[in-house]
C-alpha cells in the first residue's frame, strides 16, 4: 500500500519533469531564468499543490531539489552520520556500511537514467565525465568523500557508484584507545616512535582503519615541524599549524594534466619538509619514498595494503620494482631496511571492529629484510 511519502515522491517526480521542460523552453526562447532554482521550485509547488499542507509542500520541494542538484535518493543516506560507505549496484540495489557492517537499504533510483543523472551531477563540478570511451572515474565531494563510478559496458548490471565517507572529525590516539583500536601500552609505544622521528608504515586491508590511525599518529608530530601531506584524495586532517596539503590529479577527458603521487613526492622534497606523510603507497612512488627516507628525510608516515607486517615489506619491494629503473632486489631491500623503522598492522574483525594486531620492527638480516615482533594483541 502506497504511503503519503510515496505520493509525495511521485508528485515531486512529475513536478520536476515539468520544471525541467519549462527551463528548457525558456532557454530555447533565449529567456533568462527568473530567480534561483529554489525559488522556482517553491513557486511551482505552491501553484500545483496548493491544497497540501505546508509541511507536505516543503517535503516535495526538498525532493525536487534533491533530484535536481543533489545525489537524488542517496542524499538521505549521506545525511546519516553512521553511514560510512554507500554502494550502488545498478539503480535498484543500494547498500550502506554502518559500524563496519554492510546492509541493504530500501533506497532506489527511479530508473537507470536517474542514476546516470546523479552521477553526472557528481562528476561535472570536478571536470570529470564517464562515457563508453572512459567508463570509469574517480571524484571527490566537497566534504572530502571519495566517489568511484563504473558504467556499462564494464559494469554489466548497470552503473556502479561507490561513495566512501570522510567526515571532518578524526579521532585522536586517546579516542582510538577508548574505541579499542589501540591499547594504552601500544599508544605510548607509537607516541615515542613518532616523537623520535622513526619512519612508520601502517598496513592492513581495505577498510581496516589505516588512514584513521595515520591521522591519529600525526598528533605526536612536533607542532614546530613543517609537514607535507600527499594523497590521492585529501582525507587527512592534521592538527599541526604548519601543514602543506598536496593532492594528486587525474588526467582530463583529453588525457592531459595528470599529476601523480610520484610527481608530488618528488616536488615535496624541494619544499623543505620536516616530515612527509603519504596517505597511501600504491605504485612506483614507493621507490621515491625509500630514496627520500635514505637521504635525510626520516620520520615519514604512510600506509600500504598488506596482510601482515612481513607482507607489507614485500609489497613495498614489489611497488618499488614498478618504477622500472632496473635496481636489483637486494638494493631495494637494503633501502627498505635502512628507511622503514616500524610496521603497524591493523585488522578488521567479523563484527566490523578495527584493531591494531601487531607492531613490528624492521630488521636487516643476511642480505634480506624482515621484521621482529615488538607487540602483538
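The values are calculated or read from the model by the stated rules, or taken from the named source; none is laboratory data. What you see is a predicted model, and the numbers here were worked out from it, not measured in a lab. Heads up, the Cβs are rebuilt from the backbone with ideal geometry, glycines too, and the neighbour counts pull from every protein chain shown.
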Could you please find all residues in segment 131-146 being within 19 Å of the chain's Cα centre (by Cα) and either modelled with pLDDT of 85 or more or on the phi > 0 side of the Ramachandran plot (or both)? 136, 137, 144
Residues being without any contact (Cβ under 8 Å) to a residue 12 or more places away in the chain and over 25 Å from residue 291 (Cβ atoms) - total across segment 240-267: 5
Counting only residues that are in contact with a strand residue (DSSP E or B) (Cβ under 7 Å, 6 or more places away or on another chain) and outside any loop (DSSP other than H, G, I, E, B), which one in segment 163-184 is farthest from residue 84 (Cα to Cα)? 163
In this structure, does residue 38 turn out to be surrounded by 12 or more Cβ atoms within 10 Å (Cβ to Cβ), outside any helix (DSSP H, G or I), in contact with a helix residue (DSSP H, G or I) (Cβ under 8 Å, 6 or more places away or on another chain) and modelled with pLDDT under 80? no
Based on this model, can you work out whether residue 197 counts as modelled with pLDDT of 95 or more, more than 15 Å from residue 359 (Cβ to Cβ) and surrounded by fewer than 18 Cβ atoms within 10 Å (Cβ to Cβ)? yes
The residue from 142, 155, 137 that alone is more than 20 Å from residue 80 (Cα to Cα), assigned by TED's automatic domain parsing to the domain that holds residue 77 and assigned to a loop (DSSP other than H, G, I, E, B) is 155
The correct count of residues that are closer than 18 Å to residue 159 by Cα and at pLDDT 80 or above in segment 53-74 is 2
